[in-house]
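The values are calculated or read from the model by the stated rules, or taken from the named source; none is laboratory data. Just so it is clear, the model here is predicted, and its values are computed rather than measured. As a convention, Cβ positions derive from the backbone with ideal geometry for all residues, glycine included, and neighbour counts pool all protein chains shown. To get the accessible areas, we keep the full protein, side chains included, count just its heavy atoms, and leave off ligands, DNA and RNA. Shrake-Rupley method; radii C 1.70, N 1.55, O 1.52, S 1.80 Å.
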Amino acid sequence: MESFLGLDFGTSGARVCVVDKVGAITHEDHVFYPGAALQIHLNWREALHTLLKRLPATIAAELQSIAIAATSATVLLCDKELEPTAPALLYFDNRAQEESEQLKQLAPTGHIVCNASSGLAKFLWLTKHTELSNVAYFLHQADWLAALLTGLGGVSDYHNALKSGYDTERLCWPDWIKNLPHANLLPQVLAPGANISNISSLVAQHFKINPACRVHAGTTDSIASFIAAGVHEPGSAVTSLGTTLVLKLLSEQRVEAAQYGVYSHRFGDLWLAGGASNAGGGVLRQYFGDLQIDALSQRIDPAIDSQLDYYPLPRPGERFPINDPTLTPRLTPRPADDVLFLHGLLQGLSRIEAAGYTKLAELGASSLKSVTTTGGGAKNKVWEKIRERLLGVSVAVADHTESAYGAALLGKRGLLIGNL
């Protein structure tokens, strides 16, 4: 029986998911990094090897493909043997302040690389602060892990490379980036899901993996989660109701608007447009526990409009659909009845979601047709009904949300029906 393996490397650990040829899950596993707050490349390699070692023998022998999802803008330099030459910089690292100012002078106005946590700002910082005599490659986290499987460095995908400045419309590195010092270290960029090569014979032999198993170009963790949700048509969207509110909409048009925190990933022949609000489930947990939210929600009539006009932010500052670092949370007046208070919070969050999709449409994205929900908030059926009323489209809960599952599908599709 053919098997297809996906890996997801997150902030605290790594997960593996194996699916069969119809997409049914046949194996799942996960490991946590030791000292996750101080994660280093050695943790990632150890996690990769542990998950491969623990594969059931029958699955390892039948593997047809492997694809990896990881955190975008987590990057490192390494030598020809794929050994890192300096500590990796994680996605949230913002030490490259000086480099981000340099990029503002070089890049088009409002470009996604013009902040200190972008992959390209980190590239400039690393090449300034590292002895480069033995450096062969600048790689994103997913690139490096795939290289450990193939033995081939210098290959990336255009999802991970977006925040390093890759032009996903023209499918090339822009000239202004190719003219940067040490630009020769930047990777070749493939479509997510494209074949890189067979797994290396040494890796195959060590972990008893099918030597004909193909390693595919990967993606980011958030896009792998989108793939897992199983939406395909323009106008279909995925809302993640986690600590924050993240919107992703499949669009026939690319939309970019830094002033609203909006950018688009290429998604095959379509575009994945989106933005992330600072509002979300984190605000609810400032006031209620999960059991309280469940109990109070049962007493809310989702068909009735709350009279409370809230903008539920956890602290001052918003990114999308309003990009205002000084925007103040609006959470008053607070009624004595917690049912009324929660109703106002849920409606306020739903209005932000609706405003987000309206903003994407105003910027030229495809009109919203349906929403699939992921994240902890997806379990709340009362909130779902409020959202459905305000969005004006059907709302459903995703059957699958794990990035490792999405990565497995990416490798499977890359092998069987071409790239997304």
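Structure values in brief
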read-out: Helices (runs of 4 or more DSSP H) wholly inside region 302-420 containing at least 2 residues that are within 25 Å of Tyr158 (Cα to Cα); value: 338-362, 403-416
read-out: Only listed residue being touching a residue at least 12 places away in the same chain (Cβ under 8 Å) and assigned to a loop (DSSP other than H, G, I, E, B), chosen from Gly110, Gly6; value: Gly110
read-out: Members of region 372-408 found to be touching a strand residue (DSSP E or B) at 6+ places or on another chain (Cβ under 7 Å) and either within 17 Å of Ile68 (Cβ to Cβ) or polar (S, T, N, Q) (or both), listed by number; value: Thr372, Thr373, Thr374, Ser394, Thr401, Glu402, Ser403, Ala404, Tyr405, Gly406, Ala407, Ala408
read-out: Identity of the residue in region 110-120, at pLDDT 90 or above and among the polar types (S, T, N, Q), that ends up surrounded by the fewest Cβ atoms within 10 Å (Cβ to Cβ); value: Ser117
read-out: Unmet requirement for Ile199, which otherwise passes all of (1) within 30 Å of Leu148 (Cα to Cα); (2) open to solvent by less than 20 Å² (accessible area, probe 1.4 Å); (3) out of contact with any helix residue (DSSP H, G or I) (no Cβ under 7 Å at 6 or more places or on another chain); (4) touching a residue at least 40 places away in the same chain (Cβ under 8 Å); value: (3)
read-out: Cβ-Cβ under 7 Å pairs, at least 6 apart or on other chains, region 356-372 side touching a residue at least 40 places away in the same chain (Cβ under 8 Å), far side of a type in the set (Phe, Trp, Tyr); value: Gly356/Phe320; Lys359/Tyr260; Leu368/Tyr357
read-out: Residue match in region 277-288 (condition: farther than 15 Å from Ala378 by Cα, modelled with pLDDT under 95, hydroxyl-bearing (Ser, Thr, Tyr) and open to solvent by less than 20 Å² (accessible area, probe 1.4 Å)); value: yes
read-out: Per-region count, region 357-394, residues closer than 27 Å to Gln298 by Cα, open to solvent by less than 60 Å² (accessible area, probe 1.4 Å) and touching a Pro at 6+ places or on another chain (Cβ under 6 Å); value: 2
read-out: Condition broken by Val231, with the remaining ones in (1) touching a residue at least 12 places away in the same chain (Cβ under 8 Å); (2) part of a loop (DSSP other than H, G, I, E, B); (3) over 17 Å from the mean Cα position of the chain (by Cα) satisfied; value: (3)
read-out: Subset of region 337-355 [open to solvent by 40 Å² or more (accessible area, probe 1.4 Å), touching a residue at least 24 places away in the same chain (Cβ under 8 Å) and more than 19 Å from Pro321 (Cβ to Cβ)]; value: Asp338, Leu340
read-out: Where Ser3 falls short, out of the listed (1) open to solvent by less than 50 Å² (accessible area, probe 1.4 Å); (2) in contact with a Gly (Cβ under 9 Å, 6 or more places away or on another chain); (3) not charged (D, E, K, R); value: (2)
read-out: Selection within region 34-68 - assigned to a strand (DSSP E or B) and either out of contact with any His (no Cβ under 9 Å at 6 or more places or on another chain) or at pLDDT below 95 (or both); value: Leu63, Gln64
read-out: Count of region 79-107 residues which are outside any helix (DSSP H, G or I), of a type outside the set (S, T, N, Q) and open to solvent by 50 Å² or more (accessible area, probe 1.4 Å); value: 7
read-out: Evaluation of Asn43 against (1) buried (at least 16 other Cβ atoms within 10 Å of the Cβ); (2) in contact (Cβ under 8 Å) with a residue 12 or more places away in the chain (one fails), failing number; value: (2)
read-out: Selected residue (criterion: nearest to Val339 (Cα to Cα)) from residues of region 271-301 that are out of contact with any Gly (no Cβ under 6 Å at 6 or more places or on another chain) and assigned to a strand (DSSP E or B); value: Ser277
read-out: Enumeration of residues in region 240-263 that are modelled with pLDDT under 95, under 14 Å from the mean Cα position of the chain (by Cα) and not aliphatic (A, V, I, L, M); value: Ser240, Gly242, Thr244, Tyr263
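Residue by residue, here is whether (1) open to solvent by 30 Å² or more (accessible area, probe 1.4 Å); (2) at positive phi; (3) in contact with a Gly (Cβ under 6 Å, 6 or more places away or on another chain) holds:
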| residue | (1), (2), (3) |
| --- | --- |
| Phe138 | no, no, no |
| Ala147 | no, no, yes |
| Gly153 | no, no, no |
| Asp157 | no, no, yes |
| Asn160 | no, no, no |
| Ala204 | no, no, no |
| Pro211 | yes, no, no |
| Ser222 | yes, no, no |
| Ala228 | no, no, yes |
